[in-house]
Amino acid sequence: MRVALSGITVRFGALTAVDNASLAIEPGEIHAVVGENGAGKTTLMNVLFGLVEPEAGTISLDGEEMHWASPQEAIRHGLGMVHQHFMLQESMTVLENVVLCAEPVGRFGFIDFAAARRRLAEVADEHGIAMELDRPVGRLSVGERQVVEVLKMLYREAEVLILDEPTSVLTPLEKDRLFATLRSFRSAGKAIVLITHKLDEVMELADRVSVMRAGRLVRSGPLSATSKEEIARGIIGGELPPARQRTARAPGKEVLAVRDLKVAGRGGTVGPLSLSVCAGEIVGIAGVSGNGQAELIQAITGLASLLSGEIVLCGRPIGHLDVEDRRLIGMSYIPEDRQRMGLALGATVSENANAGRDERAAYTRGPFLNRAAMAGFARQLIERYRIRVGGPAALASTMSGGNKQKLVVGRELARDTPLVIAENPTWGVDIGAIDFIHGELMRMRDEGHAVLLVSTELDEVLALSDRILVMYSGAFAGEVAGAEADRERIGGMMTSRAAAALPEVA
Amino acid sequence: MNGMREGTMAREAISWAVALAWIAAVLFILMALVGAPFGDALAAFLQNAFGGRRFSYLMATLSRTALIAGMAVSVMLSFRAGLFNIGGEGQLVAGGLVAALAALLLPGPPLFVLTASILAAMLAGAGWALLAGVMQLYVGVPLLVGSLLLNYPIRYIASYIVAHPFRDVQSGMVQSHLVPQATWLPYFPGTRLDIGLLFIVAASVFAVVYSRTTVHGYHARMNGLSPAFARTVGLPVRKLTLQTLAMSGAIAGLVGAIAVFGIHHRYIDGMLVQPLYAWTGIIAVLLVGMIPWAVPLSGLFFAAIQTGAAGMERSAGVPKEIALVMQAVIILFVASRVSGALVASSERKAGAADDA
């Protein structure tokens, strides 16, 4: 099936998310759509899938113009989309999830699960996918859940498959197998759209590439007619920042020590975990998300209580202390979820900047707030961290993702604590902000702070860390020195069961 | 930008006009059904909400406003902090009951008895609210459930106390004895309106000042906007929860004391429950969102609707049930307008953000 989008424009309030974009998707091709976060890739695909109604422009399938009233209509016409955040019911089994909303009805109006099972086994077999159909989705790893999403599309006989950032949750091996599966779809004549911001994946897999920047489609054409450098320039609209130089530095004394820590996790107990972070080093924790990193960080920051074990910060045991006390002893925390944990979006920039600030006398007069001092502090952060926002009185929700993250990073790093915990600090922010945040973390390290970095982006961990710990299934699978780390070795330690669900790479 | 704002304002004005037209149309139909003259009924409504000989009806409206606005302020303090304390009724009853008992039992000069009784009522309200907070923090009963369920025991405890140990048997009613006349709140000169309203004005001013200028109010609002954020940046969430609930309950208790010393001068079984002061207060807060200064005005609106509708029944011959339906229709349309405007404005704000 041939898909053509022409002249699509989408506006959210004053923001033009997609500006007059036209795109053709051919059967038997893998079409990569690349661009920074907020460039409009996902919005454009949401239009195609019927989730967003465009202000202008048309969608046509095989030359016939279409108007979707809902995604269900798009699905009926052979479109399928795997969203970045999976749409699965955790308490239901794989089979139940796959047939949901497309149940084969048997006699007397009951669901004919046997027929569904037969059909599903057929399509899975055709592309070499192996998956136990009766396991509840809640017990699957993130990679396996993605396979379920892919199965869902196959079951619905989608001819056009849209995958939004599919590799962000996969280990390198899982990624290879997913790509093999996608190639098999391509040979079967399906059209595949891959939304990504990783250029290596584009070079490896795509037949055609479209680059988006600030809502516009800046270029579109066969991969063979372009180069990686040209695509990168198209994405950022200029030259790439130079690679970061790191100075060798002997680590100082131990700032954070975790010994035999056990925490309750969703899938079972996490741990026992032991690690230490010294002054002047960045310790990176690599791993696919959902392998216990979140639980470990919650236990260290005091957001979750420990089952057993010991946490020592600056020589003081802190396992029994609350969040406030731990922060006062010397801990800053850049949470992964800036929308909920990092910021109060309904509050102003100034209110966000001053929440949890240590020297209370600096922004209060007795029980009252000193609004001028609060705004002054917010202005300092805005200038020092180059945050683009209307001013201290603007609502936090009016900032872009990158600027929100800079505000969180600024607020936490300005506290100048011995320990800095950064959890996926550059998740979903643009290249400029990533570079800036990496620079700030390196600066903290060079100034003698201990930095604990948790990231699911292997490149980020490799670029910043002095030592790398790999987490898998609630435990550390191994430790590698930053200098001698290579992707394959770490990738091997990140291996999970999901790899077995997709066929071997031929 | 300017043109856009003017456009929005024009649209807002039109939608209000449409809402008012709907209200008029529905009321007209209702009155046509019961055969009441429209003009008379409308006049009766306004007369009974705001008029009367020497503005006596306006005084009745204001007296009711005091109680509704007081409960609304109490609820607003909790809601703003993200605490869904819907146990205002229980806290109100605790306050009213303790106020009456303290005034009946305490010896001493009237001013001392009055002051001590009001303070005791505030303590009782705070204590009842704290109980719900402790149940949430240490037993794991969600506040929404705990605060609601705590309404019932105190209601029946109060019924028992005025039905048995403290009953004014001679009156033949289920009520306590009158509190000493010297402790009654005086009327404003030349009116039949007691000065209880001043306490509520003070509580409202306190709530506005607290919400906008204090560190505690700031922290409470952060917790209300995002509890995860408040926890992550190390705000003392437990302490905030308990202190805010105590404050909220104390104001409910104060309202109970005012009902005793200003209006009924005794505790009558059901006097604080049947008029649904606490629930009207919750609706009054939901109507205007968490905007502190608008909350008392919202309370006035609800009180006026209620007294006006009651008056329509008295002087224009509109049956009580139809008057109640009209009251509901007015509230429904105004509420949908107000919350529609609030939703639209929050969507505009969200639209400016581009975090996908």
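Some notes on this structure:
- Any hit, the range A:1-22, residues being in a loop (DSSP other than H, G, I, E, B), touching a residue at least 40 places away in the same chain (Cβ under 8 Å) and small (Gly, Ala, Ser): no
- Selected residue (criterion: modelled with the highest pLDDT) from residues of the range A:422-434 that are away from every other protein chain (no Cβ under 11 Å) and not in a loop (DSSP other than H, G, I, E, B): A:Ala422
- In the set (1) within 14 Å of chain B (Cβ to nearest Cβ); (2) of a type in the set (Lys, Arg); (3) buried (at least 17 other Cβ atoms within 10 Å of the Cβ); (4) in contact with a Ser or Thr (Cβ under 8 Å, 6 or more places away or on another chain), A:Lys262 fails one condition alone, (1).
- Enumeration of residues in the range A:276-334 that are away from chain B (no Cβ under 14 Å), surrounded by 20 or more Cβ atoms within 10 Å (Cβ to Cβ) and of a type in the set (Val, Ile, Thr): A:Val277, A:Ile282, A:Val283, A:Ile285, A:Val288, A:Ile311
- From the options B:Arg314, B:Arg231, B:Arg238, residue that is away from chain A (no Cβ under 14 Å) and of a type in the set (D, E, K, R): B:Arg314
- Residue pairs meeting the criteria (Cβ under 7 Å; at least 6 apart or on separate chains; first without any contact (Cβ under 8 Å) to a residue 60 or more places away in the chain, in the range A:149-162; second buried (at least 23 other Cβ atoms within 10 Å of the Cβ) and in a strand (DSSP E or B)): none
- Filter result for A:Pro222 (out of contact with any helix residue (DSSP H, G or I) (no Cβ under 6 Å at 6 or more places or on another chain) and under 30 Å from A:Ile30 (Cβ atoms)): yes
- Test: residue in the range A:130-143 that is under 23 Å from A:Ala180 (Cα atoms), over 25 Å from the mean Cα position of the chain (by Cα) and without any contact (Cβ under 8 Å) to a residue 40 or more places away in the chain: yes
- Residue match in the range A:445-458 (condition: at pLDDT below 85, aliphatic (A, V, I, L, M) and either open to solvent by less than 40 Å² (accessible area, probe 1.4 Å) or touching a helix residue (DSSP H, G or I) at 6+ places or on another chain (Cβ under 6 Å) (or both)): yes
- Residue check for A:Leu343: among the hydrophobic types (A, V, I, L, M, F, W, C) and within 21 Å of A:Gly478 (Cα to Cα): no
- Any chance A:Val270 is within 14 Å of chain B (Cβ to nearest Cβ), touching a helix residue (DSSP H, G or I) at 6+ places or on another chain (Cβ under 7 Å) and open to solvent by less than 20 Å² (accessible area, probe 1.4 Å): no
- Verdict on A:Tyr385 being open to solvent by less than 10 Å² (accessible area, probe 1.4 Å), over 30 Å from A:Lys198 (Cβ atoms) and among the hydroxyl-bearing types (Ser, Thr, Tyr): no
- Matching entry among A:Ala422, A:Ala433, A:Ala450, A:Ala414 (being among the hydrophobic types (A, V, I, L, M, F, W, C) and under 26 Å from A:Thr269 (Cβ atoms)): A:Ala422
- Residue that is buried (at least 16 other Cβ atoms within 10 Å of the Cβ), of a type in the set (Gly, Ala, Ser) and part of a helix (DSSP H, G or I), where the choices are B:Ala25, B:Ala13, B:Ala41, B:Ala21: B:Ala41
- Look at the range A:312-335: where a residue is among the hydroxyl-bearing types (Ser, Thr, Tyr) and a partner is open to solvent by less than 20 Å² (accessible area, probe 1.4 Å), sitting 6+ places away or on another chain with Cβ atoms under 6 Å, you get A:Ser332/A:Glu412; A:Ser332/A:Thr417; A:Ser332/A:Val420; A:Tyr333/A:Thr301; A:Tyr333/A:Ile421.
- Checking each residue in the range A:25-37 for being touching a strand residue (DSSP E or B) at 6+ places or on another chain (Cβ under 8 Å) and within 12 Å of chain B (Cβ to nearest Cβ) picks out A:Gly35, A:Glu36.
- Cβ-Cβ under 7 Å pairs, at least 6 apart or on other chains, the range A:392-412 side more than 9 Å from chain B (Cβ to nearest Cβ), far side of a type in the set (D, E, K, R) and assigned to a helix (DSSP H, G or I): A:Pro392/A:Arg379; A:Gln405/A:Arg338; A:Val408/A:Arg338; A:Val409/A:Glu440; A:Gly410/A:Arg384
- Where helices (runs of 4 or more DSSP H) fall entirely within the range A:88-196, those with at least 1 residues that are under 26 Å from A:Arg208 (Cα atoms) are at A:113-126, A:142-155, A:172-187.
- Residues in the range B:200-236 that are closer than 16 Å to B:Phe79 by Cβ, open to solvent by 20 Å² or more (accessible area, probe 1.4 Å) and without any contact (Cβ under 8 Å) to a residue 40 or more places away in the chain: B:His216 only.
- Neighbours by Cβ (under 6 Å, 6+ apart or cross-chain): first from the range A:346-357, within 7 Å of chain B (Cβ to nearest Cβ); second part of a helix (DSSP H, G or I) and open to solvent by 10 Å² or more (accessible area, probe 1.4 Å): A:Gly346/B:Leu225; A:Ala347/B:Leu225
- Of all residues in the range A:43-66, those satisfying the criterion of being over 19 Å from A:Ile192 (Cβ atoms) and assigned to a strand (DSSP E or B) are A:Ala56, A:Gly57, A:Thr58, A:Glu64, A:Glu65, A:Met66.
- Boolean, B:Ser63 is of a type in the set (Ser, Thr, Tyr) and within 21 Å of B:Val295 (Cα to Cα): yes
- Looking only at the range A:3-24, and only at residues there that are small (Gly, Ala, Ser) and within 10 Å of another protein chain (Cβ to nearest Cβ), the one that is least open to solvent (accessible area, probe 1.4 Å): A:Ala17
- Scanning the range B:118-140 for residues that are part of a helix (DSSP H, G or I), surrounded by fewer than 24 Cβ atoms within 10 Å (Cβ to Cβ) and either on the phi > 0 side of the Ramachandran plot or in contact with a Leu (Cβ under 7 Å, 6 or more places away or on another chain) (or both) yields B:Leu130, B:Leu131, B:Gln136.
- Residue within the range A:104-123 that is within 20 Å of A:Ala74 (Cα to Cα), open to solvent by less than 40 Å² (accessible area, probe 1.4 Å) and at pLDDT 80 or above present: no
- Out of B:Leu245, B:Leu272, B:Leu197, sole residue that is away from chain A (no Cβ under 14 Å), at pLDDT below 95 and crowded, with 23+ Cβ neighbours inside 10 Å: B:Leu272
- Meeting the requirement of 2 or more residues that are among the β-branched types (Val, Ile, Thr), the helices (runs of 4 or more DSSP H) wholly within the range B:182-273 are B:196-213, B:237-258.
- Of all residues in the range B:308-328 being open to solvent by 20 Å² or more (accessible area, probe 1.4 Å) and within 21 Å of B:Val288 (Cβ to Cβ), the one that is modelled with the lowest pLDDT: B:Gln327
The values are calculated or read from the model by the stated rules, or taken from the named source; none is laboratory data. Fair warning: this is a prediction, and the values are worked out from it, not measured in the lab. Backbone-built Cβ (ideal geometry, glycine too); neighbour counts: all protein chains shown. Keep in mind that these areas ignore ligands, DNA and RNA; they rest on the heavy atoms of the full protein, side chains included. Shrake-Rupley method; radii C 1.70, N 1.55, O 1.52, S 1.80 Å.
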